[in-house]
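Each remark here refers to the structure printed beneath this line.
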Amino acid sequence: MPAFDLATQSKRDLNQRLHNLPADTNETHWTVANPAGEHAIACGLDAPLTVEIQGHAGYYCAGMNKLATVIVEGNAGVGVGENMMSGTVHVKGDASQSAGATAHGGLLVIDGNASARCGISMKGVDIVVKGSIGPMSAFMAQSGNLVVLGDAGDALGDSIYETRIYVRGAVKSLGADCIEKPMEAKHKADLRRLLDAAGVGPEVSVDEFKRYGSARQLYNFHVDNAAAY
């Protein structure tokens with residue numbers, strides 16, 4: 001297991017070494033000590049590696065992730081998992097703003113809380129937040145799933161497209177075109193799959209959640225409202 005210490009080695013060297021690994025490498029499990037809030041740790045990975053960051057990470061940790069599993073054993077700054085394509089990013093603490101922004105795929109798990117704009121413009125990623133999320137989360141979210149075991153702040157799902165949002169706690173307010181929707185059997189099965197993937201046990205029932213999504217009123221031009229355009 002390769003060990004990297006950011007107290008004595010540079011982040012640039014770490015990322016370069018991870019990027020340069022051959023496809024048949026045996027060095028698939030890395031640890032990173034003393035991250036000290038450095039930005040852009042383990043960005044742009046494109047191989048089935050596991051990278052354990054032993055502490056707090058700064059901005060854009062695991063951004064553009066593909067195939068890799070990145071574990072942050074602390075908190076993460078703005079944009080963790082931003083534009084990730086696949087793989088898993090697991091934050092064992094809290095996450096700052098814009099977690100999972102524009103992400104196309106994979107699974108982002110946040111054990112604590114996530115700040116404002118969690119899942120902004122998400123495009124297929126699955127995000128599970130075991131705590132609460134801040135305002136304007138899932139703003140312009142296009143596809144994928146956002147699961148929240150705690151509460152949600154103001155303007156949840158503002159201008160949402162087809163992302164599905166599941167919230168166990170209270171929602172302070174819904175954004176434009178976001179409405180509560182029925183929880184059908186297929187939604188409960190999908191939610192259970194997501195909870196299991198995030199390590200949430202059966203003691204948390206899918207029946208405790210409400211589902212939110214698009215009213216689909218922003219999709220089309222309405223001639224009766226022509227004067228308003």
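The values are calculated or read from the model by the stated rules, or taken from the named source; none is laboratory data. Nothing here was measured: the structure is a model prediction, and the numbers come from that model. Backbone-built Cβ (ideal geometry, glycine too); neighbour counts: all protein chains shown.
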Among strands (runs of 3 or more DSSP E) entirely within the stretch 1-92, at least 2 residues that are closer than 26 Å to A116 by Cβ and at pLDDT 95 or above occur in 69-72, 88-91
Those residues that are surrounded by 20 or more Cβ atoms within 10 Å (Cβ to Cβ) and either aliphatic (A, V, I, L, M) or touching a residue at least 40 places away in the same chain (Cβ under 8 Å) (or both), I need them from the stretch 50-65; list them, please. V51, I53, A57, A62, N65
So which of G63, G81 ends up being under 19 Å from K123 (Cα atoms) and in contact with a strand residue (DSSP E or B) (Cβ under 8 Å, 6 or more places away or on another chain)? G81
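Which of the residues that make up the stretch 84-101 are within 16 Å of M140 (Cα to Cα) and crowded, with 21+ Cβ neighbours inside 10 Å?
Taking the stretch 84-101 as the starting set, the residues that turn out to be within 16 Å of M140 (Cα to Cα) are 97-101.
Once the filter is applied, which keeps residues that are within 16 Å of M140 (Cα to Cα) and crowded, with 21+ Cβ neighbours inside 10 Å, the stretch 84-101 yields S98, A99, G100, A101.
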Of the residues that sit in the stretch 188-207 and are outside any loop (DSSP other than H, G, I, E, B) and among the hydrophobic types (A, V, I, L, M, F, W, C), which one is surrounded by the fewest Cβ atoms within 10 Å (Cβ to Cβ)? A189
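From T31, T69, which residue is in contact with a strand residue (DSSP E or B) (Cβ under 6 Å, 6 or more places away or on another chain), on the phi < 0 side of the Ramachandran plot and surrounded by 17 or more Cβ atoms within 10 Å (Cβ to Cβ)? If you could, list the steps in order and put the result at the bottom.
Numbers: T31 fails: surrounded by 17 or more Cβ atoms within 10 Å (Cβ to Cβ).
Matching residue, one of T31, T69: T69.
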Among the residues of the stretch 136-146, is any among the small types (G, A, S), within 11 Å of L194 (Cβ to Cβ), crowded, with 21+ Cβ neighbours inside 10 Å and touching a residue at least 40 places away in the same chain (Cβ under 8 Å)? yes
Where residues in the stretch 148-163 are at negative phi and among the small types (G, A, S), which of them is surrounded by the most Cβ atoms within 10 Å (Cβ to Cβ)? A152
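Would you check if there is a residue in the stretch 87-97 being over 16 Å from G63 (Cα atoms) and charged (D, E, K, R)? Don't jump to the end; show me each part of the working.
Going residue by residue through the stretch 87-97, those that are over 16 Å from G63 (Cα atoms) are 92-94.
Next, only the ones that are charged (D, E, K, R) stay: 92, 94.
Yes, that holds for at least one residue.
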So V223 clears everything in (1) touching a Lys or Arg at 6+ places or on another chain (Cβ under 8 Å); (2) at pLDDT below 95; (3) β-branched (V, I, T) except one condition, right? Which one? (1)
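Give A68, A101, A155 a once-over and let me know the one that is touching a Pro at 6+ places or on another chain (Cβ under 8 Å), without any contact (Cβ under 8 Å) to a residue 24 or more places away in the chain and among the hydrophobic types (A, V, I, L, M, F, W, C).
Only one candidate passes the filter, namely A155.
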Sole miss for G119 among (1) closer than 15 Å to N75 by Cβ; (2) within 12 Å of the chain's Cα centre (by Cα); (3) in a loop (DSSP other than H, G, I, E, B) is condition (1)
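Kindly establish whether D126 is charged (D, E, K, R), under 22 Å from G169 (Cα atoms) and under 11 Å from the mean Cα position of the chain (by Cα).
Numbers: charged (D, E, K, R): yes; under 22 Å from G169 (Cα atoms): yes; under 11 Å from the mean Cα position of the chain (by Cα): yes.
Taking the combined requirement at face value, the residue satisfies it.
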